[in-house]
Amino acid sequence: MERILYLNCLFGISGDMFLGAMIDLLSDDGALDTALKGLQLGNYEIAVSRERRRGITGVRVSVKFDSESHHGRNLGDIVKIIEDSSLSDFVKSEAREAFTRLAEVEGKIHGVPLEFIHFHEVGGIDSIVDVVGAFALSERLEVNRVVSSPVNVGSGFVNCAHGILPVPAPATAELLKDVPVFSFGEPMERTTPTGALLLKMLASAFGPLPLGVLKKVGYGAGERESSLPNVLQAILLEGEAPLQ
């Protein structure tokens, strides 16, 4: 049987929403702590709680750290952290590729060579936990294929290290090339660069829910409340394995 993970991004996706949905599917609040034991990233704490977003309860993941630990890193810094860890070869490889892809996108947007890219929001502890943790938890879930719905990117403006930017943010828009997107709901950033990066790395197709037997549903709660349920719905399906 083929295990399929379907990501319903009707309300968007972020790194912490993805982690929350995976923890909910695994029914293990300590799954992320366990998965990242081999990552030497300094002092931080992962908080897992259950919060309601417009009547839907999802797992909320937040990373707590002191302000001195939150700073921008370049690609070499992040790759060294990954390489020095005791994570699996799969997680190391996927995380390296993800941050390299992000550096290429940032370089294109800002007109800066790859080696001079200095990550801001995605160079901090919380974003490294989001990306590395996403691959570690998806590995534990043992899915064969990831499919995503079209993606709600949101609208309006977002305030970041580069100032006020349009939604979708330039990095998000670049990462979501060739992906079906739409905007729905009141103005806010519904899909973050980290969420877009995970989609581009993990999803092999974008479209409706694939045929399969529904086994479990998980929800990851976003940080903000809105008029829409700010959650990522993750559905685990079992289907017939494709013919080789």
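The values are calculated or read from the model by the stated rules, or taken from the named source; none is laboratory data. This is a predicted model, so every value here is computed, not measured. Reconstructed Cβ throughout: ideal geometry from the backbone, glycine too, with neighbour counts over all protein chains shown. The area values use the complete protein model at the heavy-atom level, side chains included, leaving out ligands, DNA and RNA. Shrake-Rupley method; radii C 1.70, N 1.55, O 1.52, S 1.80 Å.
A search for C-beta distances below 7 Å between a residue of the range 145-156 that is more than 13 Å from Leu232 (Cα to Cα) and open to solvent by less than 30 Å² (accessible area, probe 1.4 Å) and any residue that is among the β-branched types (Val, Ile, Thr) and in a strand (DSSP E or B), counting only pairs 6+ apart in sequence or on different chains, returns Val147/Ile4; Gly154/Thr191. Of the strands (runs of 3 or more DSSP E) contained entirely in the range 115-233, not one carries at least 3 residues that are closer than 26 Å to Phe90 by Cβ and of a type in the set (S, T, N, Q). Per the conditions (1) in contact (Cβ under 8 Å) with a residue 40 or more places away in the chain; (2) open to solvent by 20 Å² or more (accessible area, probe 1.4 Å); (3) of a type in the set (Val, Ile, Thr), the sole criterion not satisfied by Val79 is (1). Residues that are without any contact (Cβ under 8 Å) to a residue 40 or more places away in the chain and either touching a helix residue (DSSP H, G or I) at 6+ places or on another chain (Cβ under 6 Å) or not in a loop (DSSP other than H, G, I, E, B) (or both) within the range 4-34 comprise Asp33, Thr34, listed in sequence order. Checking Val147, Val151, Val158 one by one, the residue that is over 13 Å from Cys9 (Cα atoms) and of a type in the set (Val, Ile, Thr) is Val158 and no other.
When restricted to residues that are of a type outside the set (S, T, N, Q) and either open to solvent by 70 Å² or more (accessible area, probe 1.4 Å) or closer than 15 Å to Gly30 by Cβ (or both), the range 45-59 contains 8. Looking across Ile235, Ile164, one residue alone is open to solvent by 50 Å² or more (accessible area, probe 1.4 Å) and among the aliphatic types (A, V, I, L, M). It is Ile164. When each of Glu45, Glu97, Glu106 is tested for being among the acidic types (Asp, Glu), touching a residue at least 12 places away in the same chain (Cβ under 8 Å) and touching a strand residue (DSSP E or B) at 6+ places or on another chain (Cβ under 6 Å), the lone residue that passes is Glu45.
Only residues that are among the small types (Gly, Ala, Ser) and buried (at least 18 other Cβ atoms within 10 Å of the Cβ) were counted across the range 186-228, and they come to 8.
A single member of Leu237, Leu209 is under 22 Å from Leu19 (Cα atoms) and in contact with a Pro (Cβ under 8 Å, 6 or more places away or on another chain), and it is Leu237.
For every residue, the table says whether it meets (1) within 25 Å of Asp28 (Cα to Cα); (2) of a type in the set (Lys, Arg).
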{"position": "Leu199", "(1), (2)": "yes, no"}
{"position": "Ala205", "(1), (2)": "no, no"}
{"position": "Pro210", "(1), (2)": "no, no"}
{"position": "Val213", "(1), (2)": "yes, no"}
{"position": "Lys216", "(1), (2)": "yes, yes"}
{"position": "Ser226", "(1), (2)": "no, no"}
{"position": "Pro229", "(1), (2)": "yes, no"}
